[in-house]
1. Can you sort 161, 156 from fewest to most other Cβ atoms within 10 Å of each residue's own Cβ?
2. Number of Lys-Lys pairs in the stretch 212-319 under 13 Å by Cα, sequence gap 8 or more or different chains?
3. Would you work out which of 331, 278, 19 lies farthest towards the positive end of the dipole of the chain, given +1 charges on the beta-carbon of Lys and Arg and -1 on that of Asp and Glu, about the Cα centre?
4. Quick check: pseudo-label points 7 Å beyond the Cα along Cα→Cβ at residue 405 and residue 421, how many nm apart are they?
5. Residue 259's amide H: which non-local residues (gap 5+, or another chain) put their own amide H closer than 5 Å, with H modeled 1.01 Å from N in plane and none for Pro or chain starts?
6. Between the DSSP loop rule and a limit of at most 13 other Cβ atoms within 10 Å, which trypsin sites (Lys or Arg not before Pro) in the stretch 205-292 are left?
7. What percentages make up the Cα-Cα pair-distance distribution of the stretch 89-185 when the bins are 10 Å wide from 0?
8. Each residue of the stretch 135-141 in order: what ³J(HN,Hα) in whole Hz does its phi give by Karplus 6.51 cos²θ - 1.76 cosθ + 1.60, θ = phi - 60°, with x for Gly and Pro?
Amino acid sequence: ADEYLSGDVRAKLRMAQFAAETNPEFAVNVDALTKAQPRELEASEIDVRLGATWLDPDIIQKFMTETFQIPYYLRHAVKVRYSPYTAEWRVEGKTATGRGDIISSETYGTSRANAYKILEETLNLKDVRIYDTIEDADGKLKRVLNKRETMLAQQKQQVIKDAFANWVWQDPQRRIALVKQYNELFNSTRPREYDGSHIHFVGMNPEITLREHQRNAIAHVLYGGNTLLAHEVGAGKTYEMAASAMEAKRLGLCQKSLFVVPNHLTEQWASEFLNLYPNAKLLVARRKDFETANRKKFCARIATGDYDAVIIGHSQFERIPLSFERQERIIQEQIDETLAAINELKAHAGENFSIKQMEKTRKTLETKLEKLRSDERKDDVVTFEQLGVDRLFVDESHAFKNLFLTTKMRNVAGLSTSEAQKSSDM
């Protein structure tokens, strides 16, 4: 039941109803799923913002036509387009109405940025900025932010956002359709609740009894795929991880678990692990195993021995390389993704700024690939794939958070496009 009554329960209910039409015995499923449906959100509880990528461009088109009162003979020229690859919105024919259009240049815009330009920036989640181009002493052109014009344009941006918030729910049919779409997309998943009360921990120290939250966490690790144990300090994560590894091995879900912990804690981890499972076969990295001379020997021991768990430090984990083929494939995938985005932007005459950023990303990736290919193959190093590790437990996993991503947003705190080598290895 935990598994069946979780996940996309709306889709499951539709399937159950369909099955029950021909086989009445599935009526039980329909009943149980009907009770598990999340409460439908109403229009007053949903906040639809300009730039939400689930909105149909036709809705934005309608808003633009009605609010900015586009003259009838220009309606085919001013169009809203959305590109799913780069998640970029574009308003075509921004200048079609010209300066004489009071609504776009005064009511919802300024003389320097008309309403259509401001709407486009808003859809792309950017704040409007107005620049002046001036010549410096050497005769070079440079762009300077015009503070007064920018402030005026940003006030108009707020006016457009408010106008949209008032407009979007006015038409009853549109309201019904949007509420239904929103509930389907974002309000149909029910998180699974895990119950670990039935697990028998074979080989565990009889003096130690795990608490309820620990048992549930272990059930989550065993049945739930990737799991983040985000407990407070002292809630017993070490025991949860150790018991999960031993239980997974006993049930045949994995053969060899690798624990990656901060360097100075490897031995402390081992003693807690043995305290919980006195008969466990562990391989633990000591300080001298971190030295270059002993590292290869240690990796070879991981690969050849049959251990319940291997405990190594973060810095050692970083030094175990991935196989050349896998690294090459991952970088190639990132290059292809970036190329697709560049071609899309070019096809729609995207702003040069975005194209330049993406080209820069592509060059970096290609350099990385060349460097990877030119490195001499060191055949005597055991790669990660050869260790035979099929389950990974990482302590202090926030140390691996800076991963590569492509984004069109600029100046957002916490969104860095640079990546850390250790995160991509992870």
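Throughout, read-outs are computed from the coordinates displayed, never taken from laboratory work. This structure is a prediction, so every number in the text was calculated from the model and none was measured. Here Cβ is always computed from backbone atoms with ideal geometry, including for glycine, and neighbour counts include all displayed protein chains.
1. On the way: 161 16, 156 21.
The most exposed by this proxy come first: 161, 156.
2. Values: 249/281; 256/281; 288/296; 288/297.
Lysine pair count for the stretch 212-319: 4.
3. 331
4. Output for this residue pair reads 2.4 nm.
5. Amide H to amide H, under 5 Å and 5 or more residues apart or across chains, residue 259 pairs with 310, 311, 312, 393.
6. Numbers: sites: 211, 215, 237, 249, 250, 256, 281, 286, 287, 288; in loops: 211, 256, 281, 286.
Passing sites in the stretch 205-292 are 211, 281, 286.
7. The distribution over the stretch 89-185 is 15, 34, 29, 15, 5, 2, 0, given as percents.
8. 9, 8, 4, 8, x, 8, 7
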